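FYI, it's all coordinate maths here, none of it is from the lab. From a predicted model like this one, the values you see are computed outputs, not experimental measurements. Positions of Cβ are generated from backbone atoms using ideal geometry, with glycine treated the same way; all protein chains shown enter the neighbour counts.
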Amino acid sequence: MDKLIITCAISGAEVTKEHNPFVPYTIEEVANEAYEAYKAGASIIHLHVRNDDGTPTQDKNRFEQAIRAIKEKCPDVIIQPSTGGAVGMSRDERLQPTQLPIEMATLDCGTLNFGGDDIFVNTENDIKHFAQIMHEKHILPELECFEKGHIDMVLRLHKKGFIHDPMHFSFVLGVNGGMSGEERDFIFMKESIPENCTFSVAGIGRYEFTLAELSIAQGGHVRVGLEDNIYVSKGVLAQGNKDLVLKVVEIARKYGREIATPEEARKILKIQEMDYEKTL
Ligand code: KMH
Ligand code: ZN
């Protein structure tokens with residue numbers, strides 16, 4: 001089995017300090033949370049940015065500031081900006097971080113309800129457009145699939161030449177409006193992707209650690225972080241992202257799975273084969 005790649009989704013766009021005071025908003029807070037997660041074992045930081053008041057933004061300059069601040073503390077970490085942004089943002093707004101020299105970015109692979117009245121829109125043409133831009137810029141897309149239909153979309157667009165190898169999937173399970181995060185859901189998703197692909201699992205809320213454990217046991221990778229879940233155990237708020245990462249490291253130890261460094265993660269995901277200078 002490959003070493004375990006831990007991605008930490010440190011802030012997201014929806015969760016706020018009212019939910020957990022450790023959700024980072026300012027550049028300094030973002031850099032500190034990323035650094036603590038990295039020291040705990042994360043090799044990838046899934047990055048959203050906020051204005052200082054906590055409102056989500058996809059502003060390119062804000063991303064650039066955040067990336068610089070993170071890289072100052074942990075130069076080798078892989079930074080994976082979100083192109084999902086927040087519900088309701090336009091596609092051009094969402095795509096701004098792809099104008100920066102980044103190694104990875106998320107590519108959301110289908111539309112879904114997103115709690116309450118929200119709809120997270122990712123049409124087929126959106127997906128093709130985002131995929132094409134990432135391909136041209138040698139950015140590895142993390143293929144975010146919130147249900148099985150999204151995997152079918154990826155496989156169809158791969159066949160048609162819009163999505164390219166290497167394919168790295170992220171199963172985001174447990175969103176209100178997407179697929180739930182029971183064991184059978186995970187197995188269904190895992191068995192629906194080609195064998196030569198890599199995958200990571202992000203369990204939302206109470207699914208975070210049960211899915212992490214299943215993925216660790218079965219050779220997959222894991223995403224945790226305050227974007228997905230604010231509790232380290234039932235009713236106990238995490239005292240920062242590091243608590244969530246450390247808990248995954250502990251589970252990995254139980255299964256004898258070693259933790260990948262960022263350099264090892266680049267090899268596993270074949271990022272270094274993408275042949276592009278990514279320096280800011
Ligand atoms: N904030 C969600 C609407 C991504 O990062 O690509 C979308 C999201 C997915 O978080
Ligand atoms: Zn996200």
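Observations
- The stretch 230-265 and the stretch 117-138: distance between their alpha carbon centers, rounded to Å: 30
- Overall, the chain carries a charge dipole of about 460 debye about its Cα centre when +1 sits on the Cβ of Lys and Arg and -1 on the Cβ of Asp and Glu, all other atoms neutral.
- Quotient of C-alpha Rg and 2.2 N^0.38 Å, computed over the chain: 0.90
- Unsatisfied cross-links (Cα-Cα over 24 Å) in the set Lys17/Lys128; Lys71/Lys137; Lys39/Lys247; Lys148/Lys254; Lys128/Lys242: Lys17/Lys128; Lys148/Lys254; Lys128/Lys242
- Counting every other Cβ atom within 10 Å of each residue's Cβ, Tyr207, Tyr25 order from fewest to most as Tyr25, Tyr207.
- Antiparallel DSSP beta bridges within the stretch 1-151, as percent of all bridges there, nearest 5: 25
- Per-residue Cβ neighbour rank within 10 angstrom, fewest leading, Ile44, Ile216: Ile216, Ile44
- Two tests apply to each whole DSSP H helix in the chain, Cα reach of 24 Å or more along its axis and mean Kyte-Doolittle hydropathy of at least -1.0, and none passes both.
- Counting only DSSP beta bridges with both residues in the stretch 6-273, the antiparallel share comes to about 15 percent.
- The overall shape of the stretch 5-63 is prolate: from the C-alpha gyration tensor, with semi-axes ordered a ≥ b ≥ c, the ratio a/c is 1.5 or greater and a/b exceeds b/c.
- Aspartates and glutamates with Cα under 16 Å of Lys234, excluding same-chain neighbours fewer than 8 positions away: Glu208, Asp243
- Counting neighbouring Cβ atoms within 10 Å and putting the fewest first, the residues Glu147, Glu182, Glu136 line up as Glu136, Glu182, Glu147.
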